[in-house]
1. Answer yes or no: is there a residue in region 193-215 that is basic (Lys, Arg) and in contact with a Gly (Cβ under 7 Å, 6 or more places away or on another chain).
2. Which residue is surrounded by the most Cβ atoms within 10 Å (Cβ to Cβ), if the candidates are limited to region 190-218 and must be in a helix (DSSP H, G or I) and without any contact (Cβ under 8 Å) to a residue 24 or more places away in the chain?
3. From the list Leu180, Leu173, Leu150, Leu135, pick out the single residue that is buried (at least 22 other Cβ atoms within 10 Å of the Cβ), closer than 12 Å to Val30 by Cα and under 16 Å from the mean Cα position of the chain (by Cα).
4. Identify the residue in region 334-366 that is assigned to a strand (DSSP E or B) and under 14 Å from Leu317 (Cβ atoms) and, among all such residues, is modelled with the lowest pLDDT.
5. Looking only at region 219-236, which residues are surrounded by fewer than 21 Cβ atoms within 10 Å (Cβ to Cβ) and hydrophobic (A, V, I, L, M, F, W, C)?
6. Condition test on Asp112, is it farther than 25 Å from Pro260 by Cβ and in contact (Cβ under 8 Å) with a residue 24 or more places away in the chain?
7. Do we find that Thr168 is touching a strand residue (DSSP E or B) at 6+ places or on another chain (Cβ under 7 Å), more than 20 Å from Arg355 (Cα to Cα), among the polar types (S, T, N, Q) and outside the structural domain of Ala105 (by TED's automatic domain parsing) in this structure?
Amino acid sequence: MSPLRRSSGGTLQARRILGRRAFARPGAVVLTDTRGRLTAEDLHGQLQLMEQRDTRPPRLSELPAAAPLRQVLVTALAGDGQLDLRSSGATGAPRVHHRGPSTAAQQRTWNDLAKRIGLRRHAVVATALPGVHGLGLRLALESLAAGAPLVDLSHLSVQRRLAMLHRTTPHLLVGTPMHLADLLEADGELSGHRALRIPRIASGADRLDPELHADLARHWRARVHDVYGTTETGMLAVDGTPLRGVRIRSRDGVLRARTPVTGRRWLVTDRGEVDEQGRVTVLGRLPGDREDEGMAPDPRAVVRLLQTQPGILRVRLRVVPDAQRVRRTIAHVTVDESVGVTHTAPGVQALVHDRLGAASVPSEVRISSRGR
């Protein structure tokens, strides 16, 4: 029986599996990032050092949004099985949701998701999702429990992400639609004749546009999965099919879900439909999820973040109404073309999404360039 199917206790079980792996296969690689390779023995040793300290170990909610995945793993595994899942901020500022140890029913849902997206033992998993966010954190823990080596792409520039993908040749690439669109655009421009094939791609944390789905599948000859879920309900569906233990129904164009995370409660999630075969189609966020749909809740934070990035000279945000009289935030970004750092509209949006939450992402990014 694989480690994935044995896992039934979230961080606690992942910790036990790591201990056994560190003893039996100490040199097994569990994570690759810009600092190099982290082995099972190294990770287990870092946990033991943290336990020997007199001070209280940090909680996940105390980590910065840009925390590297190796720091997130050590922090999560050093805890008592409690998880602080940070929402993506789709309806406001990112919030922290406290979760206890996984139940058997919750783990069965995650096992089903892992099976459907191809997360299995020895399959290299490259993730662009921030480790402090709910999906990114759970994916990292499930990969560790399954014996699937991780590749940390989070918070790298698109050029460094591409270089890491070519070096590690992952079986599975996971990211938001913005991450994937950015990588797709850059790969077409920068990779030349170095064809990169990624067997599986999983898109989560936002709605996957059908056109982007088709482009990803064609460019990387990949099987692309649309993963749907929320921090409040846990993971819900893959490619429109509800996961094991999940029930989804629609009423008046609104989706409601009952899952092992919600218990007996039905929670409203998004706008969408469920057809006669039970297939779920997500149409978008509910009206009123945010006080000003399409407007960044803290424009000054967006400007400050972008102006700290190398190669960006000037940032200006403006709010305009669209044809439906909904106000939209447009970011005008001026870059220094002599610096050698490429900034794309999807890349700017992905950066804001990771650091400030989905609610802060400009509806549109317009990039112009000039020398200093």
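The values are calculated or read from the model by the stated rules, or taken from the named source; none is laboratory data. It should be emphasised that the depicted structure is a prediction, and the values quoted were computed from it without experimental measurement. Here the Cβ positions follow ideal geometry from the backbone for every residue, glycine too, while neighbour counts run over all protein chains shown.
1. The initial filter retains those residues of region 193-215 that are basic (Lys, Arg), namely 194, 197, 200, 207.
Filter once more, keeping what is in contact with a Gly (Cβ under 7 Å, 6 or more places away or on another chain): 200, 207.
Yes, there is a match, as at least one residue in region 193-215 is basic (Lys, Arg) and in contact with a Gly (Cβ under 7 Å, 6 or more places away or on another chain).
2. So the first thing to find is which residues in region 190-218 are in a helix (DSSP H, G or I), and the list is 190, 210-218.
Next, only the ones that are without any contact (Cβ under 8 Å) to a residue 24 or more places away in the chain stay: 210-211, 213-214, 217-218.
On the way: Pro210: 9, Glu211: 8, His213: 18, Ala214: 11, Ala217: 13, Arg218: 11.
Across region 190-218, the extreme among qualifying residues is His213.
3. Values: Leu180 fails: closer than 12 Å to Val30 by Cα; Leu173 fails: closer than 12 Å to Val30 by Cα; Leu135 fails: closer than 12 Å to Val30 by Cα.
Within the list Leu180, Leu173, Leu150, Leu135, the selection yields Leu150.
4. Here the answer is Glu364.
5. Matches in region 219-236: Ala222 only.
6. Values: farther than 25 Å from Pro260 by Cβ: no; in contact (Cβ under 8 Å) with a residue 24 or more places away in the chain: yes.
No.
7. Numbers: touching a strand residue (DSSP E or B) at 6+ places or on another chain (Cβ under 7 Å): yes; more than 20 Å from Arg355 (Cα to Cα): yes; among the polar types (S, T, N, Q): yes; outside the structural domain of Ala105 (by TED's automatic domain parsing): no.
Judged against the criteria, Thr168 is not a match.
The rows are residues; the columns are (1) outside any loop (DSSP other than H, G, I, E, B); (2) under 30 Å from Leu356 (Cβ atoms); (3) modelled with pLDDT under 75.
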{"residue": "Arg5", "(1), (2), (3)": "yes, no, yes"}
{"residue": "Ser8", "(1), (2), (3)": "no, no, yes"}
{"residue": "Gln13", "(1), (2), (3)": "yes, no, yes"}
{"residue": "Ile17", "(1), (2), (3)": "yes, no, no"}
{"residue": "Thr32", "(1), (2), (3)": "yes, yes, no"}
{"residue": "Glu41", "(1), (2), (3)": "yes, no, no"}
{"residue": "Asp54", "(1), (2), (3)": "no, no, yes"}
{"residue": "Pro58", "(1), (2), (3)": "no, yes, yes"}
